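Q: Before I ask anything, here is the structure I am working with.
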Amino acid sequence: MFEFSENSQDLQARLSAFMDEHIYPNEHVYAKQLNLAKSRYAPIPLMDELKHKARADGLWNLFVPPAHAGFSEFSGLSNFDYAPLAELMGRVLWCPEVFNCNAPDTGNMEVLMKYATAAQQERWLTPLLQGEIRSCYAMTEPQVASSDATNIELSIVREGEEWVLNGRKWFITGAMNERTKIFIVMGKSDPDNSNRHMQQTQVLVPKNTPGIEVIRPLTTLGYDDAPLGHAELVFDNVRVPAENVLLGEGRGFEIAQGRLGPGRMHHCMRLIGSAQRSLEYACKRAVSRTTFGRALSKHQSVREDIAKCFSEIEMARLLVLKTCKKMDAVGAQESRDMIAAVKTSVPLMVQNIIDRCMQIHGAGGLTEDYPMAEAFNYARWCRQADGPDQVHQMALGKQIIDRYAQ
């Protein structure tokens, strides 16, 4: 049986209490403030209020791993010990930001912890850890299949003491947010390099740099993900100092691989929370509604759907925890098989779980009266984010064949 550390158990209890006291009672307040704001991408007063409370309660930067504990206010949590905390946060999709544990900032902060210079960390990592600014990771492009990162076409050219960027990006999460100040941009700096994985470079680009144009906010299944937002961007002769390069020229693919592993796991941890909450809603619905003279909970089809949901959530949770254990023991690179298994199984499984729970709610399940429709959207786009399922299945299949075919 898996057993979490005393520190994790303490944080789970405190986080759960915080959710009960400050998050669930304020879901309608958050929605109202978002919908009444002059801009859907402006800071939300409630969010700032809750951040202050969370930090005062020591529930801040919980994602920071032990290897980078020096950047945190506590000793850092293993992937395994962080998983149940992320699951709790996943029950309300906007609340990870309350604890400074939201994507894409967590992944970007880890990139800066791993690969940035001291000067870069001081300028960008410190305010991100303080929750003062937001950030973006600009990789995906509309004109190429970005599931193959070597396809990326945005041009990054060295001219004297500057990098010049030209190209287009889309589905850049956080780009619409008014507090976003920094983009981590991946592009092609050496397109003729015989090693396809050495053609890319990543550079730090302040959002206010001349030449960056926000073309439009994008939606997924109709959701605009405000106040973060997914944007389409154009970089038109955008110039930044040569010192803004991350790790070094030609090492962009290496950074991308180092960033995406933990991020994929964090999404799946949160998705389990979304699924668990949906199941709880479905059970309450099943005993509160009657059809054909008896409660929904008495119908065999409803009981079967509830049983399937419970079983699949338990399977998903155990797969995530086993993968976290392996990552903690041997690192993300040596856990590629398990991470791929999680990435290709959990979002689809959660999508199906939430779909069943929505069905039990009838037409209401499709509305914003319940959290399930937006959570379904989250699960669905997670099957594309950080690499589509097919790419991970292809890589995992090769690994498994090589392992057992000898």
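Q: Right, residue 351: touching a Ser or Thr at 6+ places or on another chain (Cβ under 8 Å), in a helix (DSSP H, G or I), more than 19 Å from residue 262 (Cβ to Cβ) and in the same structural domain as residue 258 (by TED's automatic domain parsing) or not?
A: In short, no.
Q: If a residue has to be among the small types (Gly, Ala, Ser), part of a loop (DSSP other than H, G, I, E, B) and buried (at least 22 other Cβ atoms within 10 Å of the Cβ) to count, how many in segment 70-92 make the cut?
A: Restricting attention to segment 70-92, the residues satisfying the condition of being among the small types (Gly, Ala, Ser) are 70, 72, 75-76, 78, 83, 86, 90.
Then keep just the ones that are part of a loop (DSSP other than H, G, I, E, B); that gives 72, 75-76, 78, 90.
Next cut, buried (at least 22 other Cβ atoms within 10 Å of the Cβ) only: 90.
Of the residues in segment 70-92, 1 are among the small types (Gly, Ala, Ser), part of a loop (DSSP other than H, G, I, E, B) and buried (at least 22 other Cβ atoms within 10 Å of the Cβ).
Q: Restricting attention to segment 60-69, which residues are aliphatic (A, V, I, L, M) and surrounded by fewer than 22 Cβ atoms within 10 Å (Cβ to Cβ)?
A: 67, 69
Q: Something else: Applying the selection to segment 111-140, what residues are of a type in the set (D, E, K, R) and surrounded by fewer than 22 Cβ atoms within 10 Å (Cβ to Cβ)?
A: Within segment 111-140, 114, 122, 123, 132 meet the criteria.
Q: Here is a follow-up. Among 57, 48, which is the only one that is more than 22 Å from the chain's Cα centre (by Cα) and either over 25 Å from residue 338 (Cα atoms) or modelled with pLDDT under 95 (or both)?
A: So the residue among 57, 48 that is more than 22 Å from the chain's Cα centre (by Cα) and either over 25 Å from residue 338 (Cα atoms) or modelled with pLDDT under 95 (or both) is 57.
Q: Give the residues of segment 150-162 that are buried (at least 20 other Cβ atoms within 10 Å of the Cβ) and either out of contact with any Ser or Thr (no Cβ under 8 Å at 6 or more places or on another chain) or assigned to a loop (DSSP other than H, G, I, E, B) (or both), sorted by residue number.
A: Across segment 150-162, the qualifying residues are 152, 154.
Q: Only one of these is of a type in the set (Gly, Ala, Ser), in contact (Cβ under 8 Å) with a residue 40 or more places away in the chain and assigned to a helix (DSSP H, G or I): 175, 119. Name it. Quick ask: steps written out before the conclusion?
A: Working: 175 fails: assigned to a helix (DSSP H, G or I).
Selected residue: 119, the only one of 175, 119 that is of a type in the set (Gly, Ala, Ser), in contact (Cβ under 8 Å) with a residue 40 or more places away in the chain and assigned to a helix (DSSP H, G or I).
Q: Before we move on, is residue 13 closer than 30 Å to residue 314 by Cβ, in a helix (DSSP H, G or I), small (Gly, Ala, Ser) and touching a His at 6+ places or on another chain (Cβ under 6 Å)?
A: no
Q: While we're here: Tell me whether segment 316-327 contains one or more residues that are assigned by TED's automatic domain parsing to the domain that holds residue 281, in contact (Cβ under 8 Å) with a residue 12 or more places away in the chain and of a type in the set (S, T, N, Q).
A: yes
Q: Might you let me know whether segment 151-158 holds any residue that is more than 18 Å from residue 237 (Cβ to Cβ) and either of a type in the set (Gly, Ala, Ser) or assigned by TED's automatic domain parsing to the domain that holds residue 220 (or both)?
A: yes
The values are calculated or read from the model by the stated rules, or taken from the named source; none is laboratory data. Bear in mind that the values here come from a model prediction, so they are computed numbers and not experimental data. All Cβ positions, glycine included, derive from the backbone under ideal geometry; neighbour counts span all protein chains shown.
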